[in-house]
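What follows draws every value from the coordinates through simple rules; no lab data is involved. Just so it is clear, the model here is predicted, and its values are computed rather than measured. Cβ placement follows ideal geometry from the backbone for every residue including glycine, while neighbour counts extend to all protein chains displayed.
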Amino acid sequence: MEQKELLEKLNKFTRRELTEDEVYIFTVTLCDNEIDRDNECFSRKSLEEMAEKFIGVTGIFDHDPKGGNQTARLFCTEVVDEDRVNSVGEKYAYLKGYAYMVRTSSNADLISEIDGGIKKEVSVSCSAERQICSICGEDRRVRACRHVKGRKYDGQKCFVTLDGISDAYEWSFVAVPAQVCAGVTKKSMETESDIQNTEERPEQEVQSENVQEKRTELEGKIRRALMLKDSEHKAAELFENVKDMLELSELEELGKNLAVGKMPKNFTADNSAYMMRGL
Ligand SMILES: [Zn+2]
């Protein structure tokens, strides 16, 4: 896409018209349809859905709650098909995003880092209505099945396809392992662990792993929501200190409140986990 065309699209999102010198435009690979290290993948259709939903969405550059909040905005997206197949034999496709930042003295270093290719790994957080098991076809958001992602069943590795993207929350350059929102944080970097175990696990073990997964997801979701709301990251920092003291139900409640845009009223840097319990 030409610079002029990009600027035109970008200026639909700004209060006043910005010139080429005032903005920094860069592209990111948001996600693809390859099976990732969590043994999950997006369907081609979900990439299309995300392309639409991610326009205008803010990205975070710094997951460190102690760092300043630096953000960029996606103003254009497209699904790009490549002339090769992914590991399950489907045509490889990825979601490309065009993002901008307004150049300031405080983000000059960050811009050089992006230019230099240092900050590369991107994760997206969105919610998928369906999470389909590749072995039995069960939608795991409706009912957990007994298959374990990454394990092999009759020589077929179990993975989960994410489908029906209902919301796109944010995207970020990853500095901490992130698991987010309604079960989905996807990274564009690929690594694979191949677990060669075909045994089915006892129900209890499946349940306790599900609880841990859920906690991790919720914690990521809350951390990001707090970082977006408070540019000094005080709330996010506090959350890091107290999250282990919260019950799963309390995390769920907090996540729900943040998702509808409510900043919990008791959530300030002076508070402790005990006050959060009263939310
Ligand atoms: Zn299954």
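Annotations for the structure displayed:
- Among Thr161, Thr77, the order by Cβ neighbours within 10 angstrom, fewest to most, reads Thr161, Thr77.
- Sequence-ordered 3J(HN,Hα) estimates for segment 49-55 from the Karplus curve with 6.51, -1.76 and 1.60 and θ = phi - 60° stand at 5, 5, 3, 6, 6, 8, 5 Hz, glycine and proline given as x.
- Taking 0.36 nm per residue of sequence separation and removing the Cα-Cα distance, the Glu17/Val206 pair yields an extension gain of 62.7 nm.
- When Rg and the Kirkwood Rh are both derived from Cα coordinates, the Rg/Rh ratio for segment 71-145 amounts to 1.12.
- With a threshold of 21 Å on the Cα-Cα distance, the over-threshold entries among Lys4/Lys53; Lys12/Lys91; Lys45/Lys91; Lys53/Lys221 are Lys4/Lys53; Lys12/Lys91.
- Sorting Val79, Val142, Val160 from the fewest to the most surrounding beta carbons within 10 angstrom yields Val142, Val79, Val160.
- Quarter of the Cα convex hull surface for segment 1-88, i.e. its orientation-mean projected area (nm²): 8.0
- Size check on segment 110-156: the Cα extents along the three principal axes, sorted descending, read 47, 27, 11 Å.
- Short to long, the 10 Å bins of the Cα pair-distance histogram for segment 20-61 hold 21, 43, 27, 8, 1 percent of all pairs.
- Amide H contacts of Ser87: Ile35, each under 5 Å away and 5 or more positions distant or on a separate chain (H built 1.01 Å from N in the peptide plane; Pro and chain starts excluded).
- Thr19, Thr216 arranged by Cβ crowding within 10 Å, fewest neighbours leading: Thr19, Thr216
- Net length gained if the chain between Gln3 and Glu240 were fully extended (0.36 nm per residue, minus Cα distance): 81.2 nm
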